[in-house]
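The values are calculated or read from the model by the stated rules, or taken from the named source; none is laboratory data. Note that the coordinates shown come from a computational prediction; the quantities given were computed from them, not determined experimentally. Every residue, glycine among them, receives a Cβ derived from its backbone with ideal geometry; neighbour counts consider all protein chains shown. The area values use the complete protein model at the heavy-atom level, side chains included, leaving out ligands, DNA and RNA. Shrake-Rupley method; radii C 1.70, N 1.55, O 1.52, S 1.80 Å.
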Protein chains: 2
Amino acid sequence: MSAEEESASLAPQIQNSPNTATSKVTIYDIAHAAGVNASTVSRALGKKGRTAPRTQKLIEDIATELGYRVNPFARALPTGRTYLLGLIVGNVVDPSFLDVIRCAESTATAHGYNLILVGTPEAPEKEIATIQRIKGGVDGLILADPLMCDDQLREMSRDTPLVVIDRQTEGIPCVVPDVKKGVREAIRGLRENGHRKVAFVSGARDSWMSTRIGAEVQDACEWSGMEAIGIPSREPTVEGGRLTARNVVASGATAVLTCNDLLAIGLMQELQAASITVPDRMSIVGFGDAVGSVYTTPQLTTVRWNRGQTGTNAINLLVEILDASGTPARAVHLDTEVVIRGSIGRQNNAPSWLEVEAHD
Amino acid sequence: MSAEEESASLAPQIQNSPNTATSKVTIYDIAHAAGVNASTVSRALGKKGRTAPRTQKLIEDIATELGYRVNPFARALPTGRTYLLGLIVGNVVDPSFLDVIRCAESTATAHGYNLILVGTPEAPEKEIATIQRIKGGVDGLILADPLMCDDQLREMSRDTPLVVIDRQTEGIPCVVPDVKKGVREAIRGLRENGHRKVAFVSGARDSWMSTRIGAEVQDACEWSGMEAIGIPSREPTVEGGRLTARNVVASGATAVLTCNDLLAIGLMQELQAASITVPDRMSIVGFGDAVGSVYTTPQLTTVRWNRGQTGTNAINLLVEILDASGTPARAVHLDTEVVIRGSIGRQNNAPSWLEVEAHD
DNA sequence: CTGAAAGCGCTTACAG
DNA sequence: CTGAAAGCGCTTACAG
């Protein structure tokens, strides 16, 4: 007896919650209960103000009482709007991408959309196939660092509302970090610390980000009369970073900037394993402020921007396009800043050949 | 002229790709082209074998030629199956959750489902509200570490096919790590290293995982004649870990196990900042093998299990339930193992009071 | 094996 | 302001 009472009082919000039953409540049920036509219910629940205030309220009350939820698919059929947004990503290695996803999701929800997450193999054709597969079921897409070429991308965007992140292509709305600013600041910092020769570790494939960062490193170095040396990596991971260590050392550079933090972390590990002290003998600057860049010893100096903002802005841009179709493609640039941590230092021990050259 | 040729050859797969046009191809278009009824098209494309081999092939050919894609919403309406699965997560701080998401997505795709990701505020009612909002649009749900009570969970699962991860509740299908095994191994390892007093840093709220780990630490310590001391944290993050350092030291324990790796990392940082050497003066064992646990110095010893398997198994379980409704609730236990890294060591410098006690 | 028909739950001109 | 009707694209008994 008392047990029954207890179980009854344990979950009152469930017992009382409207329509616990599995049966689906439709607008016809509401129409019936309210004594109006289903179309009136549709109007009352949808475009407000097209219905008499009294009926409006009556219908709304009945709807909540019955626990009515619009069937999104039934709605999608006549309207063509699914209120689903797709986020398509390749092989994301960087864990800070979780921020992008999380913020994209919450922003989508705030706009009344749901986010469907789709992974795609890292190959242009697969990417296109994935998009084809998915696009019929969503109102718009966000493409993270897509591999397809510019023309394919533009072709796609004629077909489907779409926003690209971490890549800028003429004619396509996108969200990218302000690479130039970040790199310039980083290079300036290195110069002030006496560095004159900087290595740049690029990503395996020529992603927009890697290419962009490399170009800006080149540019910034030229501007400040420094030498820049490009060093490719095999993969944009910690392991890939380790593998570049030899080449980085062999390059004769005293500082190195990598196109992402994982590379920087791997590089640091490998250098330390070879007793090459960081930053005394090699300064390291990462890019992206990945989770984990503060766990290293020394902590990693890196070019940071708000990854969450990437997700938020991408969704906002997409929703904007969806709402007012015909919006011109817009590029959102996210501010970057250099976070100075322990991995960079003064270049004191100029190698002798440098002085020799100076005498030439 | 040559430029035109070039642009034409640049993206042949696009030019040739079937139905580049935006217009939607329906089964009626195919039916018209094939000279059959739409219902026949539906059968040919859907349940195979219910149509003459010749018509079958004819229809399939026309379908691919026209670039037909089934409209998932039109299908969902009569069948009630959306081929959408929801993954509902609270405030996920651990970046290794990206593995869960990624594997869940790819497994869902392999089964012909798409994954919709939904974040929810960390409060039982909000959680339930989120589920209510979402459940009409998906075939089933995966709940990551939900906050609602057991009864609410069971109530929900009557309503909607659902699988829970990182929590075990009687009557609910779930995927959890084998906590007992991992903790036992860890404690045994500590004992063999001479430790006799172990602190356990729990999560802020009593998540199933934290509670479970704590209980097993207690149990394992009793079994091996060791002392276990529980220390709550304010939040299950790096910062939260830092804040527990004082209490951990004050506890007199020589080793500490935390309910996740972030706590362990923060704790290590704070101890080191106070010149308390790890592992010489304090051994640390994490839980979860989070990204970043290998970036610390020393690297973190932790209880690991395959996070990706969590996502994979959860989806498999859910799809299994969806396919054969009426399957009994099943709990999948993922194997765990202790990964020994530098953060644990021998307890050599037994404090004097220990010896004093021994003489008592 | 195939066609004609009804229906899934909603929206939206079109009348009134 | 409201109702009756048609239609979104598909599926599935039901006949034949």
Sole residue being charged (D, E, K, R) and under 19 Å from residue B:94 (Cα atoms), chosen from B:219, B:166:
B:166
Only one of (1) outside the structural domain of residue A:132 (by TED's automatic domain parsing); (2) open to solvent by 40 Å² or more (accessible area, probe 1.4 Å) is not met by residue A:168, so which one is it?
(1)
Extreme residue, farthest from DNA strand D (Cβ to nearest atom), among residues of the stretch B:70-89 that are of a type outside the set (A, V, I, L, M) and touching a strand residue (DSSP E or B) at 6+ places or on another chain (Cβ under 7 Å):
B:86
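With the requirement that a residue be in a loop (DSSP other than H, G, I, E, B) and either touching a Lys or Arg at 6+ places or on another chain (Cβ under 9 Å) or more than 9 Å from chain A (Cβ to nearest Cβ) (or both), what does the stretch B:92-107 give you? Before the answer, list the steps.
If we filter the stretch B:92-107 for residues that are in a loop (DSSP other than H, G, I, E, B), which is where we start, we get B:92-96.
If the condition is that a residue be in a loop (DSSP other than H, G, I, E, B) and either touching a Lys or Arg at 6+ places or on another chain (Cβ under 9 Å) or more than 9 Å from chain A (Cβ to nearest Cβ) (or both), then B:92, B:93, B:94, B:96 are the ones that fit.
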Count of the stretch A:75-87 residues which are near DNA strand C (Cβ under 10 Å from one of its atoms) and buried (at least 17 other Cβ atoms within 10 Å of the Cβ)
1
Mind listing just one residue for me: the one in the stretch B:297-338 that is among the hydroxyl-bearing types (Ser, Thr, Tyr) and out of contact with any helix residue (DSSP H, G or I) (no Cβ under 6 Å at 6 or more places or on another chain) and, of those, least open to solvent (accessible area, probe 1.4 Å)?
B:301
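Just give me the residues in the stretch A:70-86 being in a strand (DSSP E or B) and facing chain B (nearest Cβ under 8 Å), in sequence order. Before you say what the answer is, go through the steps one by one.
Filtering the stretch A:70-86 for residues in a strand (DSSP E or B) gives A:84-86.
Residue satisfying the conditions is A:84 alone.
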Exactly one of these conditions fails for residue B:125: (1) out of contact with any Ser or Thr (no Cβ under 9 Å at 6 or more places or on another chain); (2) free of Cβ contacts under 8 Å to residues at least 24 places away in the same chain; (3) within 16 Å of DNA strand D (Cβ to nearest atom). Give me its number.
(3)
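With the stretch B:286-360 as the region, which strands (runs of 3 or more DSSP E) entirely inside it contain at least 1 residues that are at pLDDT 95 or above and closer than 30 Å to residue B:252 by Cβ? Steps first, answer last, please.
On the way: elements: B:301-304, B:331-334, B:337-339.
It comes to B:301-304, B:337-339.
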Candidate set: the stretch A:43-69, residues that are assigned to a loop (DSSP other than H, G, I, E, B) and within 13 Å of DNA strand D (Cβ to nearest atom); chosen: the one surrounded by the most Cβ atoms within 10 Å (Cβ to Cβ)
A:51
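Report yes if residue B:142 is at the interface with another protein chain (Cβ under 10 Å from one of its Cβ atoms) and among the β-branched types (Val, Ile, Thr), otherwise no.
Numbers: at the interface with another protein chain (Cβ under 10 Å from one of its Cβ atoms): no; among the β-branched types (Val, Ile, Thr): yes.
Taking the combined requirement at face value, the residue does not satisfy it.
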Yes or no: residue A:187 among the hydrophobic types (A, V, I, L, M, F, W, C) and either open to solvent by 50 Å² or more (accessible area, probe 1.4 Å) or more than 14 Å from chain B (Cβ to nearest Cβ) (or both)?
yes
Could you list, in sequence order, the residues of the stretch A:119-134 that are assigned to a helix (DSSP H, G or I) and touching a Gly at 6+ places or on another chain (Cβ under 6 Å)?
A:134
Note on residue B:110: of the conditions (1) near DNA strand C (Cβ under 10 Å from one of its atoms); (2) more than 9 Å from every other protein chain (Cβ to nearest Cβ), unmet is (1)
Return the total of residues in the stretch B:245-280 being surrounded by 24 or more Cβ atoms within 10 Å (Cβ to Cβ) and hydroxyl-bearing (Ser, Thr, Tyr).
2
